[in-house]
């Protein structure tokens, strides 16, 4: 059985997870095991649900560094001038 755990320290949160390899028959009665996985070596990963929700919320808010500038223009409304006619160019060979 392989035991692994990881602690990641962020600005104010700490995420811990457990990763183990074990026989699937040890999980019977705890979770529903698909027939294709019965009596096989499987990997079990345990993650905290509450910190996962926080990560998803933070990811939605900070998709791009430019996001914080969206809608930041506080001056007069921007007006796009008429572009005029498109010039005809010579064809490339």
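Within the stretch 26-72, the set of residues being part of a helix (DSSP H, G or I) and modelled with pLDDT of 90 or more comprises 26, 27, 35, 36, 37.
Answer yes if at least one residue in the stretch 15-23 is modelled with pLDDT under 85, surrounded by 10 or more Cβ atoms within 10 Å (Cβ to Cβ) and either in a strand (DSSP E or B) or in contact with a strand residue (DSSP E or B) (Cβ under 9 Å, 6 or more places away or on another chain) (or both), and no otherwise. Steps first, answer last, please.
To start, the set of residues in the stretch 15-23 that are modelled with pLDDT under 85 comprises 15-16.
Narrowing the set further to residues that are surrounded by 10 or more Cβ atoms within 10 Å (Cβ to Cβ) leaves 15-16.
Next, from what is left, pick out any that are either in a strand (DSSP E or B) or in contact with a strand residue (DSSP E or B) (Cβ under 9 Å, 6 or more places away or on another chain) (or both): 15-16.
Checked the stretch 15-23: at least one residue is modelled with pLDDT under 85, surrounded by 10 or more Cβ atoms within 10 Å (Cβ to Cβ) and either in a strand (DSSP E or B) or in contact with a strand residue (DSSP E or B) (Cβ under 9 Å, 6 or more places away or on another chain) (or both).
The values are calculated or read from the model by the stated rules, or taken from the named source; none is laboratory data. Only a predicted model underlies this, so the values are computations on that prediction, with no experimental measurement involved. Glycine gets a Cβ as well: all are built from the backbone with ideal geometry, and neighbour counts include every protein chain shown.
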